[in-house]
Amino acid sequence: METKVTWHGRMTFIGSADTGFTVPLGASSTVGGDEDGFRPMELIATGLAGCTAMDVISILQKKREEVTAFEVSVSAEQAGEHPKVFTRASIQYTITGRAIDEASVTRAIELSATRYCPAQAMFSKIIPIELKYQIFEQREQIAVW
């Protein structure tokens with residue numbers, strides 16, 4: 001894998017990778033930035049969320065679970081002093097669907113954590129990661145005239 005960032009003045013960068021996609025990176029105005037992109041640590045946490053989300057939804061789809069909405073959020077605490085590394089993280093999985101099997105959800109999360117997600121595997125070696133989930137039943141919407 002190869003990635004790079006290209007400077008676009010002040011504290012603005014454009015990140016790119018082998019895939020050809022780009023992402024804006026920026027900094028807070030308090031450190032000379034223009035508030036015009038992801039902070040680098042936000043991208044790291046977003047990568048963790050995306051990695052495990054792709055695993056879990058793939059597994060649930062293979063199990064033929066009828067997922068209608070899915071969201072994964074990461075809350076990461078950082079050290080107070082520089083280099084302000086992550087000190088702990090919590091991953092929240094929110095699944096909405098029809099008759100979702102809780103055992104399928106817990107197994108999918110477990111497989112992502114222990115077998116498939118390299119980001120989670122790396123972080124779990126250095127910080128505690130709490131895994132939480134919520135399952136909501138999809139309700140049919142009734143049109144009101």
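The values are calculated or read from the model by the stated rules, or taken from the named source; none is laboratory data. None of these values were measured; they are calculated from a predicted model. FYI the Cβ positions are ideal-geometry reconstructions off the backbone, even for glycines, and counts take in every protein chain you see. Only protein heavy atoms, including side chains, enter the accessible area calculation; ligands, DNA and RNA are left aside. Shrake-Rupley method; radii C 1.70, N 1.55, O 1.52, S 1.80 Å.
Suppose R0 equals 35 Å; then what is the FRET efficiency for residue 79 and residue 14 from their Cβ-Cβ distance, rounded to the nearest 0.05? Efficiency, rounded to the nearest 0.05: 0.80. Calculated [222 nm] ellipticity per residue, helices only, for the chain: -9000 deg cm²/dmol; basis is -39500 (n - 2.57) per DSSP H run with n ≥ 4, divided by all residues, nearest 500. Once C-alpha pairs closer than 8 Å and six or more residues apart are averaged by separation and normalised to the residue number of segment 14-62, the relative contact order reads 21 percent. Count Lys and Arg as plus one, Asp and Glu as minus one, and take only other residues whose Cβ is under 15 Å from that of residue 98; the net charge is then -3.
A Förster distance of 30 Å, applied to the separation of the beta-carbon atoms of residue 134 and residue 7, puts the FRET efficiency at 0.15. Computed over the Cα atoms of the chain, pair by distinct pair, the Kirkwood hydrodynamic radius stands at 17.4 angstrom. Around the amide H of residue 27, modelled in the peptide plane, lie the amide H atoms of 34, 35, 36, 37, all under 5 Å away and 5 or more residues distant in sequence or on another chain. Taken one residue at a time, the phi angles of segment 61-72 give Karplus couplings (6.51, -1.76, 1.60, θ = phi - 60°) of 5, 5, 7, 6, 6, 8, 7, 10, 8, 8, 9, 10 Hz. Gly and Pro are set to x.
The ellipsoid equivalent to the alpha-carbon distribution of segment 42-83 has semi-axes of 30, 9, 7 angstrom, derived from the gyration tensor eigenvalues as √(5λ) and listed largest first.
Per residue, the accessible area of the chain comes to 68 Å² when a 1.4 Å probe rolls over the protein heavy atoms.
In order along segment 92-103, phi translates into HN-Hα couplings of 10, 9, 10, 10, 10, x, 10, 6, 5, 7, 4, 4 Hz, rounded to whole numbers, per the Karplus curve 6.51 cos²θ - 1.76 cosθ + 1.60 with θ = phi - 60° and x for Gly and Pro.
Pairs of lysines in the chain whose Cα atoms sit within less than 25 Å of one another amount to 5, provided the residues are eight or more positions apart or on different chains. Put simply, the amide H of residue 87, placed in the peptide plane, has neighbours under 5 Å in 77, 78, 79, leaving out anything fewer than 5 places away on its chain. Only beta bridges with both residues in the chain are counted; by DSSP, about 70 percent of them are antiparallel. Take the Cα of residue 28, step 7 Å toward its Cβ, do the same at residue 70, and the gap between the two points is 3.4 nm.
For the set 91, 59, the ranking by accessible area, highest first and with no ligand, DNA or RNA atoms included, is 59, 91 under a 1.4 Å probe. Restricting segment 1-36 to chymotrypsin sites (Phe, Trp or Tyr not before Pro) that sit in a DSSP loop and have at most 14 other Cβ atoms within 10 Å of their own Cβ leaves 21. Against the criterion of solvent-accessible heavy-atom surface with a 1.4 angstrom probe, 51, 117 sort, most first, into 51, 117.
Exposed loop sites, defined as trypsin sites (Lys or Arg not before Pro) outside DSSP H, G, I, E and B with at most 11 other Cβ atoms within 10 Å, are absent from the longest region of the chain, namely 1-63.
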